[in-house]
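See below for the structure under consideration.
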Amino acid sequence: MKIKTKTLTSFLKKARMTGKQSIPEGVLRFENDGLKISANSVPKQSRVMAWLNKTAFTEYEPIGNVAMNDLENVVKVLDRFGETITIKKEGNLLNIKGDGKTVDVELVNENFLETDTNEPNLTFTDTFEIKAEKLHDVIQDVRMNKDAVLTIKTAEKSVAFTNTGKYKFMNTIEALSCKGGVAVSFGDPFVDCVSELDGNLQISVATNYPCKIIEKLETSVVTIIIAPRVEEEE
C-alpha cells in the first residue's frame, strides 16, 4: 500500500484523540473499502469510529487486521518519514518504507486488546453544523478558566456555548436546523476529543445525554461520541 504520510498521520491523530481520552491501543482494520478504527477511550468517557476511504491511498490492499498497543509512538514513527510511505504486512510485523528509510513495527495479538466495533444506538433532539475553527475558538475561551464546564444550549435556529469559571464567555452561532430546548454540559473530555478535528463538523445533542460529533472530509469520516458531565449528588 502507498499513501501520503500526512494523510495517514492526520487521520490517526483524530482517531486517537488527545489528553486523557487518547487511545493507547487498538486494531486497525484494513477492509475492502478502506481503513477503519473503532475504540473506547480508557476512562470510557468517549468513543471513536473512524474510516479512511481506500481512495485516500495511492495504492491499497485489504490486508486485514493490524493490532497495535503503542499507537502514540506509531504515529511519531510515521512522522519520521517524508511525503509518501509504503506499507506492507509481513507476519507479525508492519513494514513501513519511504525515502530510503525503513522501519518494522512489531504487532500484537488482537485477542489481547479490548475491541468493540458496535456503534451505540442513540437518539438526539437537535443537530447543527459548526466549523471546527469556530469550535476551537470556543474551546480557547473555555480554557481561559481552570476546570471550566462547557454547556451547549439550543434555541430555535441558534446554539449558545457558555462556560463556568471567572471568565464566563458566551458564543452564539446560527443553526437553522435546531428546534431548541436542549441543555447539556461537558468537561475536559470534550476538549480532548475535538482538538484534532478540522473542516465542517456536525454535532448532535440532547439534554443531559452524550453528544455525537461527525467530521466528514473528502476521503474520511470520523465519528466521536462524548459522555456528558454528570453532577455528583451529595
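The values are calculated or read from the model by the stated rules, or taken from the named source; none is laboratory data. The structure presented is a predicted model; accordingly, all values stated were derived computationally and were not measured. A quick note on method: Cβ atoms are made from the backbone with ideal geometry, for glycine too, and the neighbour counts reach across all protein chains shown.
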Given the criterion modelled with pLDDT of 95 or more, farther than 23 Å from residue 15 by Cα and surrounded by 13 or more Cβ atoms within 10 Å (Cβ to Cβ), identify the matching residue among 164, 102, 127, 172. 164
Condition check for residue 111: polar (S, T, N, Q), at pLDDT below 95 and farther than 18 Å from residue 214 by Cβ: yes
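Yes/no per residue for (1) among the basic types (Lys, Arg); (2) over 23 Å from the mean Cα position of the chain (by Cα):
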{"site": "141", "(1), (2)": "no, no"}
{"site": "149", "(1), (2)": "no, no"}
{"site": "167", "(1), (2)": "no, yes"}
{"site": "170", "(1), (2)": "no, yes"}
{"site": "179", "(1), (2)": "yes, yes"}
{"site": "184", "(1), (2)": "no, no"}
{"site": "196", "(1), (2)": "no, no"}
Scan the range 23-30 and give yes if some residue there is assigned to a helix (DSSP H, G or I) and surrounded by 15 or more Cβ atoms within 10 Å (Cβ to Cβ), otherwise no. no
Name the strands (runs of 3 or more DSSP E) wholly within the range 142-232 that hold at least 3 residues that are in contact with a Gly (Cβ under 9 Å, 6 or more places away or on another chain)? 150-155
Those residues of the range 189-234 which are of a type in the set (Phe, Trp, Tyr) and surrounded by 17 or more Cβ atoms within 10 Å (Cβ to Cβ), in sequence order: 190
Check residue 9 against each of (1) over 20 Å from residue 217 (Cα atoms); (2) in contact (Cβ under 8 Å) with a residue 24 or more places away in the chain; (3) part of a helix (DSSP H, G or I) and name the one condition it does not meet. (1)
Residues satisfying the stated conditions in the range 32-56, i.e. in contact with a Gly (Cβ under 8 Å, 6 or more places away or on another chain) and either without any contact (Cβ under 8 Å) to a residue 24 or more places away in the chain or not hydroxyl-bearing (Ser, Thr, Tyr) (or both): 37, 39, 51, 52, 53, 54, 56
Is it the case, given these coordinates, that residue 67 is small (Gly, Ala, Ser) and under 19 Å from residue 103 (Cα atoms)? yes
